Protein chains: 4
Amino acid sequence: MNYEKTFQEIYNELQNVEDFGHVADYIPELAHVDPNQFGVHLTTVDGKHYAFGDSEVRFSIQSIAKVFSFVLAYSRIKSDIWERMDLEPAGTPFNSLVQLEYDKGIPRNPFINAGAIVVCDILVDELASPKENMLAFIRSLLKNNAIDYNPIVAYSEKKSGFRNYALVNLMKSFGNIKNDIDKVMDLYFTICSIEMSCRELSESFLFLANNGVVPHSGEQILSPSRTKRTNALMQTCGFYDEAGQFTFKVGLPGKSGVGGGIVAVHPEKYSIAVWSPRLNKKGNSYKGILFLEEFTTKTKLSIF
Amino acid sequence: MNYEKTFQEIYNELQNVEDFGHVADYIPELAHVDPNQFGVHLTTVDGKHYAFGDSEVRFSIQSIAKVFSFVLAYSRIKSDIWERMDLEPAGTPFNSLVQLEYDKGIPRNPFINAGAIVVCDILVDELASPKENMLAFIRSLLKNNAIDYNPIVAYSEKKSGFRNYALVNLMKSFGNIKNDIDKVMDLYFTICSIEMSCRELSESFLFLANNGVVPHSGEQILSPSRTKRTNALMQTCGFYDEAGQFTFKVGLPGKSGVGGGIVAVHPEKYSIAVWSPRLNKKGNSYKGILFLEEFTTKTKLSIF
Amino acid sequence: MNYEKTFQEIYNELQNVEDFGHVADYIPELAHVDPNQFGVHLTTVDGKHYAFGDSEVRFSIQSIAKVFSFVLAYSRIKSDIWERMDLEPAGTPFNSLVQLEYDKGIPRNPFINAGAIVVCDILVDELASPKENMLAFIRSLLKNNAIDYNPIVAYSEKKSGFRNYALVNLMKSFGNIKNDIDKVMDLYFTICSIEMSCRELSESFLFLANNGVVPHSGEQILSPSRTKRTNALMQTCGFYDEAGQFTFKVGLPGKSGVGGGIVAVHPEKYSIAVWSPRLNKKGNSYKGILFLEEFTTKTKLSIF
Amino acid sequence: MNYEKTFQEIYNELQNVEDFGHVADYIPELAHVDPNQFGVHLTTVDGKHYAFGDSEVRFSIQSIAKVFSFVLAYSRIKSDIWERMDLEPAGTPFNSLVQLEYDKGIPRNPFINAGAIVVCDILVDELASPKENMLAFIRSLLKNNAIDYNPIVAYSEKKSGFRNYALVNLMKSFGNIKNDIDKVMDLYFTICSIEMSCRELSESFLFLANNGVVPHSGEQILSPSRTKRTNALMQTCGFYDEAGQFTFKVGLPGKSGVGGGIVAVHPEKYSIAVWSPRLNKKGNSYKGILFLEEFTTKTKLSIF
């Protein structure tokens, strides 16, 4: 199937949709992105590539990076990771403290901010050089290894990240953060600052569509069972307070970030990354979700 | 594949698992069920049947019936059903009023009690004889049409259903219930009282694995797109506060009831019903979930 | 001191204050009240009377009646009333279900709706003819005994009282309502429908300023200790979510109702009733609170 | 009246009460206090002193200091302090983040931790040398000016104060903290570390019973109206989640601290300080509250 023709068709249709969203503007580096950029890249498990638009432009992947950090922790940790976080949908806006206080410092899942901070706390314990090891891990998922952190983005996030500091302090007060807060948060903000293109995102998530094996290297990142479980987790928890909507309309497991990127995976078939910087009220790419909804409708390729 | 052999293997393994759960006991009719009964039935879209244990014994399907009432409303209503309920996971125990008050009377999804009550309110408007029409609809999904409501169960539920009356009154105070409360609740409690066997449940859910078409009659209940969406909704919202766990461990869309039944659907492939009356702390069949987890692990038939 | 001159002065000042509030309009009987009426009546423990404006016009006292029902229960019940309700400020809007669910059906105090409903449940157990006994009790506080329930108001409240039915059903689900819901709610709505004038309200609350003794009859309603405690309870809980504001600005224990009435008590000195139908956002009489704030400022008669 | 005889009587009675509480143990300096110490000191507005037990032993006054910081801010600030905090009872345990998130960073009142942190933020703006000015202010309320901060206590609080850091970061994320977090929290923890005896506490609160005038110096700290309002605020908000209980049972405005101290004020009459280190479940001195309840019952000196 020629997906690029489908990409073009959907893109044309979306031109008629008023673009209601706003670019994330809480840090200058996100606020200054050209909001009209749009890119898509689909990679199949058997190595085919389909691209459209600004698919080679790197952007700040933000919360999409939470999948990388979770997978690295999940692949390494021997103790029970699920004692320190749950795996249920959040059911409330994405960085709510209410749930965290009610559940005595246990985040609902590893893809909300609080959960991703606990994952960073685990990685600080598990890894010799957390930032370098994390970057090396993501690079190993790609043939090209030019991707990197953006220290200016990380610094800006840290300067305005009071709510995330509230989360980590609250969890520390409940004993669910083991390491020094500054060390954990430095890793957290650094990981979120990675910049990748749609092509790179699509490639790097392909192992999740391929039973845990990176196609180009043959490396087994996660067992087939843990791969399925990671996909299941993205399905129920990958889109903040909009996970149900995304599952309902798109029908694929995926993860979004406030940089406007979304990656979704069709097990055994492909991974796809879309990028459109304007966000809807729930903090997910406005046109990115519409695009994927149209894509799975036209191709009938939902998992359901 | 001979699923019956797999059923037997898993059943044997589960014999060694201590059965921690308790049978639902808030009404006598549920409390008096023999807790050691166990049944499974799998029906494939191409008409094969695999059964095990007490698969022909009828039990109270309880909340599983919420799928039938939702599907009937979804297939008939022209106005936007999603203005009156959301489609996000609940994120809190299954009949919490907190969310309902916070969201001004709009339930999180049609499969929690509050949402199913709104669905009944819609059906009271849409159907000439709601109880009869509802029963006729479920019967039409089966070749055998001997299933029926249990009026004693319905009566007991009504007598002890103060929390459900709190829900409906709260929603009425926000204007999200249009009809007389007693009429709506009579339909609600009646629908939950249906008794079906694993075989009947498995057969009746088969259209959800078959793009919306009932295999034995060829009737199109829902469009393929709405069928996928109903499955997606079961995936994120079918297990109260345990939807994430079920998705993570079993990896199939499904729905449970406090009678100890669970139905799950593998799109394009099969539907499966399990019954074991003892419930875990979240109100879902304790051994039913363990069974399905083992089943999708052994058969590698998760959708993820 | 000639309080009537002070009343006139404050009234004149308030003429220049824009009257932002709205008359309660959820039932026709409250909506149709002339909003420009204004009355005050102060009665001293040594029998002096000071009146101003529409002080002889009867109005619906609504939640002020919760003090009467609480006092009657408190004066009669032998078992520990505080096992079934707390005596802390609500801290959330006045009929919130969130607190009630969190605290497993135990209301925060007897002056919020949920607490007053529990008080009615107690009275149904304690009294032979609850409605008649209740009315007789209030009449005994007055020389004049012409006051009565307004059955039309009670009926209207019942027809629109879905939120109160949500409260009582929720409490019943937690086992904190012993009697039939309809019987309890009939008493609750009936008590709230009493109509009294400022003079009658002021007179009837005088025993709370007089160590529990009704001045005109010498009857001891409550012990001095329980009288002080009832006043303390009005101080912290008498004004829904505005108890702190009222204590801060007025500095007297009191109780308000959505009919626009407020009664306040200065222990050892007097009781005062004000009536002005327009309500502020918190559901308390807008000008009534302003009037009392000015009154205790001018007379320096706060208890603090 | 010879209060010392009453003190002795009540103390004797309390010897028979099992002492259920526990000394605060989250920092070593509080955990190591001898829990059997007990002191009382009452000072009348006309200069009489009544003492009992360990009334001259200094202890960590902790949250009682929130009254001093509030009064200093309230006496100096020209802008509206009530735009940045409310003056309603908290209604939830004393350092809950739920309320703060719900109310978008506005604390319920100045005596809960979050409110006292905002007060410190105001003082950082208002005062040239906040810590020195604050100490000078408290010393000015006493004839003896030997009281001081305990830097070890302040340091220990800071090291374990993750929950307070969660509060300040959350408020900063809502824009309700203007200054650098470390500067504000340094002031906050320092103020809480003041050590005073019952005699010193009683003396220093006497201006609140004396229309805002310090008896020994004649200095007007607050206007009579603002003094009454400060007392009113202590009445509704001085005891965390137990303000209603304290008002109900003791009937005086007051403030407690986790060091086991309680100060209460009888306007126009006296101020009284009690100290007993074991705390009840709500974090207030277990025997301190019992003592004051008995004291106002025996002396009939409640304000109600």
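Every read-out reported here was derived from the displayed coordinates using simple, explicitly stated rules and does not represent laboratory data. It should be emphasised that the depicted structure is a prediction, and the values quoted were computed from it without experimental measurement. When we count neighbours, we look across all protein chains shown, and the Cβ atoms used for this are built from the backbone with ideal geometry, even at glycine.
Taking other C-beta atoms within 10 Å as the exposure proxy, A:68, B:291, C:20 rank C:20, A:68, B:291 from fewest upward.
Each 5 Å bin, from zero up to the one with the longest distance, holds this percent of the alpha carbon pairs of segment C:1-143: 2, 7, 13, 14, 14, 16, 15, 10, 6, 2, 0.
For segment D:245-252, backbone phi angles converted through the Karplus equation (6.51, -1.76, 1.60; θ = phi - 60°) give residue-by-residue couplings of 4, 5, 4, 5, 8, 9, x, 9 Hz, Gly and Pro being listed as x.
Taking the empirical scaling 2.2 N^0.38 Å for compact globular proteins as reference, the protein assembly as shown has a Cα radius of gyration ratio of 1.02. Angle between the Cα long axis of helix D:113-126 and the longest principal axis of chain D, 0 to 90 degrees, nearest 10? Tilt of helix D:113-126: around 70 degrees. For residue B:279, the residues 5 or more places off, or on other chains, whose built amide H falls under 5 Å of its own are B:22, B:23, B:24, B:286.
Net charge within 11 Å of residue D:287 by Cβ-Cβ distance, Lys/Arg positive one each and Asp/Glu negative one each, not counting residue D:287 itself?
That sum, taken over residues with Cβ under 11 Å, equals -4.
Sequentially through segment D:209-221, phi angles give Karplus couplings (6.51, -1.76, 1.60; θ = phi - 60°) of 8, 10, 6, x, 9, 6, x, 6, 10, x, 6, 8, 7 Hz, Gly and Pro residues having no value and appearing as x. Listed by Cβ neighbour count within 10 Å, with the fewest neighbours leading, C:106, C:289, A:152 appear as A:152, C:106, C:289.
Using a cutoff of 8 angstrom between alpha carbon atoms and counting only pairs six or more residues apart, the relative contact order for chain B works out to 28 percent. Closest approach of a chain A beta carbon to the axis mapping chain A onto chain C (residue, whole Å): A:102, 5.
Sorting A:255, A:143, C:158 from the fewest to the most surrounding beta carbons within 10 angstrom yields A:143, C:158, A:255. Shown for residue B:143: label points 7 Å from Cα along the beta-carbon vector, and their distances to the equivalent points in the other copies, 5.4, 9.0, 10.3 nm in ascending order. Between this copy and the others, label points of residue D:159 are 3.3, 6.3, 6.9 nm apart in ascending order, each placed 7 angstrom from Cα in the Cβ direction. Working from the Cα coordinates of segment A:173-304, the gyration tensor eigenvalues give, after taking √(5λ), semi-axes of 25, 20, 15 Å in decreasing order.
Counting every Cα pair in chain C, what percent are over 35 Å apart?
Considering chain C, 12 percent of its Cα-Cα pairs are separated by more than 35 Å.
Against the main long axis of the alpha-carbon atoms of chain A, helix A:224-237 sits at an angle near 90°. Against the main long axis of the alpha-carbon atoms of chain B, helix B:286-299 sits at an angle near 50°.
For the cross-link pairs A:282/B:249; B:78/B:178; A:159/D:172, the ones whose C-alpha atoms lie over 18 Å apart are A:282/B:249.
Sorted shortest first, the distances from the residue D:225 label point to those of the same residue in the other copies are 3.9, 6.6, 7.3 nm; each point sits 7 Å from Cα along Cα-to-Cβ. Residues whose amide H comes within less than 5 Å of that of residue D:196, counting only those at least five positions distant or on another chain, are D:59, D:61 (H built at 1.01 Å from N in the peptide plane). The GluC sites (Glu not before Pro) of segment B:46-151 meeting both criteria, a DSSP state outside H, G, I, E and B (loop) and at most 14 other C-beta atoms within 10 angstrom of the site's C-beta, are B:56. Computed log10 I(q)/I(0) for segment A:12-64 at 0.13, 0.18, 0.21, 0.30 Å⁻¹: -0.46, -0.81, -0.99, -1.24, from the Debye equation with unit scatterers placed on every C-alpha and solvent omitted. As a length-normalised measure over Cα pairs under 8 Å and 6 or more apart, the relative contact order of segment C:176-304 settles at 20 percent.
Summarising the label geometry, the points placed 7 Å from Cα in the beta-carbon direction at residue C:1 and residue B:144 lie 8.5 nm from one another.
3J(HN,Hα) along segment B:38-51, derived from phi through the Karplus expression 6.51 cos²θ - 1.76 cosθ + 1.60 where θ = phi - 60°, amounts to 7, x, 9, 8, 10, 10, 8, 5, 9, x, 8, 10, 9, 10 Hz, with x in place of Gly and Pro.
Here the simple spin-label model places points 7 Å from the Cα toward Cβ, and for residue D:22 and residue C:180 these points are separated by 4.9 nm.
Qualifying trypsin sites (Lys or Arg not before Pro) in segment C:1-103, where qualification requires a DSSP coil assignment and no more than 16 other C-beta atoms within 10 Å, comprise C:48, C:78. Annotation: amide H-H contacts under 5 Å for residue D:161 (H modelled 1.01 Å from N, sequence separation of 5 or more, or interchain): none.
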